[in-house]
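**Q** First, the structure itself, so that you have it in front of you.
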């Protein structure tokens, strides 16, 4: 019975996601779903990314959290258009579903955007299961997490288009095998592009920025 319920939930979500996808196509905006576990540095990556992309690329962000507006407040400082979704009012869901995205996207005004980033709720399980109508998915793993995360949560790493290994500035101080972490990602997703970077020092940041710019241009022609 639980399997049937889950199947119905995902089918309903996929229908909503298809509606979102048509809307985003009509609005000519590239949509990127950013996912990670809590504490990976995802928000800091986005703060640095927005600062470097704008104003050439017009960016809006939908921030998902169970509670608080902490991440949204940080992102607003960049000057980007930002809106918040808190899921505590819906029972504390650990992911953003497709039906929550469309209202927030309309609130931001997608006609004025080239890039819409969805900062999903920190979780390496549920967000990977829910299509929100995005064009691409990214996952952030940090060197303060286990190298075996891709093997423990394979669906997340299979479901994304690119991965970021963040906080590489800490490698000299940690007993962490970055090569093994990347190998584990590629064991799950053999051709997955992996960007090794530090959001703090911006080491390795340029390949990630170029990837984003290319994807935005491919869809919008801008």
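Any read-out appearing in this document is the output of simple, stated calculations on the displayed coordinates, not a laboratory observation. None of the values given here were measured: they were computed from a predicted structure. Neighbour counts are summed over all protein chains in view; Cβ atoms, including those assigned to glycine, are modelled from backbone coordinates with ideal geometry.
**Q** Can you pull out every residue in segment 103-118 that is crowded, with 18+ Cβ neighbours inside 10 Å and in a helix (DSSP H, G or I)?
**A** Step one: list which residues in segment 103-118 are crowded, with 18+ Cβ neighbours inside 10 Å, which gives 104-105, 108, 110, 113-118.
Those that are crowded, with 18+ Cβ neighbours inside 10 Å and in a helix (DSSP H, G or I): 104, 105, 108, 110.
**Q** How many residues does segment 87-97 hold that are surrounded by fewer than 22 Cβ atoms within 10 Å (Cβ to Cβ) and either in a helix (DSSP H, G or I) or touching a strand residue (DSSP E or B) at 6+ places or on another chain (Cβ under 6 Å) (or both)? Before you say what the answer is, go through the steps one by one.
**A** Applying the first criterion (surrounded by fewer than 22 Cβ atoms within 10 Å (Cβ to Cβ)) to segment 87-97 yields 87-95.
Filter again for either in a helix (DSSP H, G or I) or touching a strand residue (DSSP E or B) at 6+ places or on another chain (Cβ under 6 Å) (or both), leaving 87-90.
The total comes to 4.
**Q** Something else: Could you say whether any residue in segment 28-46 is in contact with a helix residue (DSSP H, G or I) (Cβ under 7 Å, 6 or more places away or on another chain), farther than 17 Å from residue 215 by Cα and surrounded by fewer than 19 Cβ atoms within 10 Å (Cβ to Cβ)?
**A** Taking every residue of segment 28-46 in turn, none turns out to be in contact with a helix residue (DSSP H, G or I) (Cβ under 7 Å, 6 or more places away or on another chain), farther than 17 Å from residue 215 by Cα and surrounded by fewer than 19 Cβ atoms within 10 Å (Cβ to Cβ).
**Q** Also: Can you tell which of 75, 100 is more than 15 Å from residue 33 (Cα to Cα), in a helix (DSSP H, G or I) and either in contact with a strand residue (DSSP E or B) (Cβ under 7 Å, 6 or more places away or on another chain) or touching a residue at least 60 places away in the same chain (Cβ under 8 Å) (or both)?
**A** Values: 100 fails: more than 15 Å from residue 33 (Cα to Cα).
After applying the criteria, what remains is 75.
**Q** Of the residues in segment 204-222, how many are over 17 Å from residue 42 (Cβ atoms) and assigned to a loop (DSSP other than H, G, I, E, B)? It would help to see each step written out before you state the result.
**A** At the first step, the residues of segment 204-222 found to be over 17 Å from residue 42 (Cβ atoms) are 206-207, 210, 213-222.
Add one more test, that the residue is assigned to a loop (DSSP other than H, G, I, E, B), and what stays is 221-222.
Residues flagged as over 17 Å from residue 42 (Cβ atoms) and assigned to a loop (DSSP other than H, G, I, E, B) within segment 204-222 amount to 2.
**Q** Among the residues of segment 168-196, count how many are farther than 26 Å from residue 135 by Cα and outside any helix (DSSP H, G or I).
**A** From segment 168-196, those farther than 26 Å from residue 135 by Cα are 168-180; that's our starting set.
Restricting the remaining residues to those that are outside any helix (DSSP H, G or I) gives 174-177.
So the answer is 4.
**Q** Please indicate, with yes or no, whether at least one residue in segment 62-70 is touching a residue at least 60 places away in the same chain (Cβ under 8 Å) and either assigned to a loop (DSSP other than H, G, I, E, B) or closer than 17 Å to residue 19 by Cβ (or both). Can you show your working first?
**A** At the first step, the residues of segment 62-70 found to be touching a residue at least 60 places away in the same chain (Cβ under 8 Å) are none.
Looking through segment 62-70, none of the residues is touching a residue at least 60 places away in the same chain (Cβ under 8 Å) and either assigned to a loop (DSSP other than H, G, I, E, B) or closer than 17 Å to residue 19 by Cβ (or both).
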